Amino acid sequence: MAKVATLITNMFEDSEYAKPAQALNEAGHEVFAIEEEAGKQVTGKNGEVNVTIDYGIDDVKPEEFDALFIPGGFSPDILRADDRFVQFAKYFMDAKKPVFAICHGPQLLITAKTLNGRDATGYKSIQVDLENAGVKFHDEEVFVCQNQLVTSRTPDDIPAFNREIVKLLA
């Protein structure tokens, strides 16, 4: 089963973390939350979900994980200001390891400059950002690119997103 690194900080979209993490756990995978400091609690933007951070970004290497999960909300925009998180995400894209990004999640991949020539979707407000990064944008509930990158648009797309991330790791 896969070890899934999750890059997350405060103001993530509650359901975009909780439901995919639950689907991955139910499929037998391990989901690990990574932020600045292990043991810290981060809270979703709706205040419904709290996540205890498993690892500080300086305590792990991306090579130790099989896949990367980036929930949406404001979290990806906050994290992309820190080069450590950008480089962590870049590793997965460059290594062609599975990457799962929903809603605003692709913002971290835009900053990592890893989306040029790729097909993806994301929240409507980042469509132009994705296109400027070289993405062929698809306004679909889920898009799987090169059997590696799974993206979705909004919390409404979570069932399709979950189906594809679990399928990709099967």
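Place a label point 7 angstrom from the Cα of D66 along the Cα-to-Cβ direction, then list the residues of segment 114-148 whose backbone nitrogen is under 12 Å away.
Answer for this model: none.
Return the distance in nm (one decimal) between the two label points of a simple spin-label model at D58 and D83, each offset 7 Å from Cα along Cα→Cβ.
So the label points at D58 and D83 sit 1.5 nm apart.
Over the Cα atoms of segment 1-106, how large are the radius of gyration and the largest Cα-Cα distance (Dmax), in Å?
Here Rg and the maximum Cα pair distance are 12.2, 35 Å.
Give, in nm to one decimal, the length gained when the segment between N132 and R163 is fully stretched (0.36 nm per residue of separation minus the Cα-Cα distance).
On the way: separation 31, 0.36 × 31 = 11.16 nm, distance 2.85 nm.
Here the answer is 8.3 nm.
How much length, in nm to one decimal, is gained on full extension between N50 and E37, taken as 0.36 nm per residue of separation minus their Cα-Cα distance?
3.2 nm
Using the Cβ atoms and a cut-off under 11 Å, what net charge is assigned to the surroundings of K136, where Lys and Arg are +1 and Asp and Glu are -1? Provide the component values of the computation, followed by the final result.
Working: positive: R118; negative: D119, E131.
Taking every other residue near K136 into account, the sum is -1.
For segment 12-62, what does the alpha-carbon gyration tensor say about shape, rounded, prolate or oblate, given a ≥ b ≥ c as the root eigenvalues, a/c under 1.5 as rounded, and a/b over b/c as prolate?
Values: a/c = 2.49, a/b = 1.15, b/c = 2.17.
Because a/c hits 1.5 or more and a/b fails to exceed b/c, segment 12-62 counts as oblate.
Please list 51-59, 16-24, 82-90 highest first by mean number of surrounding beta-carbon atoms within 10 Å per residue. Show your work: numbers first, answer last.
Working: 51-59: 15.9, 16-24: 20.9, 82-90: 18.7.
The packing order, highest mean first, is 16-24, 82-90, 51-59.
Please give the FRET efficiency for Q148 paired with F74, using the beta carbon to beta carbon distance and R0 = 35 Å, rounded to the nearest 0.05.
The calculated FRET efficiency here is 0.85.
From the helices alone, meaning DSSP H stretches of at least four residues, give me the mean residue ellipticity at 222 nm for the chain, per-run term -39500 (n - 2.57), in deg cm²/dmol to the nearest 500. If you can, show how the numbers build up before the last one.
Values: 6 runs with 54 residues, N = 170.
Computed mean residue ellipticity for the chain: -9000 deg cm²/dmol.
Need one number: the % of Cα-Cα pairs in segment 49-161 sitting beyond the 24 Å mark. It would help to have the intermediate numbers written out before the result.
Working: 1088 of 6328 pairs.
When every Cα pair of segment 49-161 is considered, 17 percent fall beyond 24 Å.
Per residue, how much accessible surface does segment 86-170 expose to a 1.4 Å probe? Answer in Å², no decimals.
Normalised by residue count, the accessible surface of segment 86-170 is 44 Å².
The values are calculated or read from the model by the stated rules, or taken from the named source; none is laboratory data. This one's a predicted model, so the numbers in the text were calculated from it and none came from an experiment. In this analysis, Cβ positions are derived from the backbone assuming ideal geometry, glycine residues included, and neighbour counts consider all displayed protein chains. The accessibility values were calculated without ligands, DNA or RNA, using every heavy atom of the protein model including side chains. Shrake-Rupley method; radii C 1.70, N 1.55, O 1.52, S 1.80 Å.
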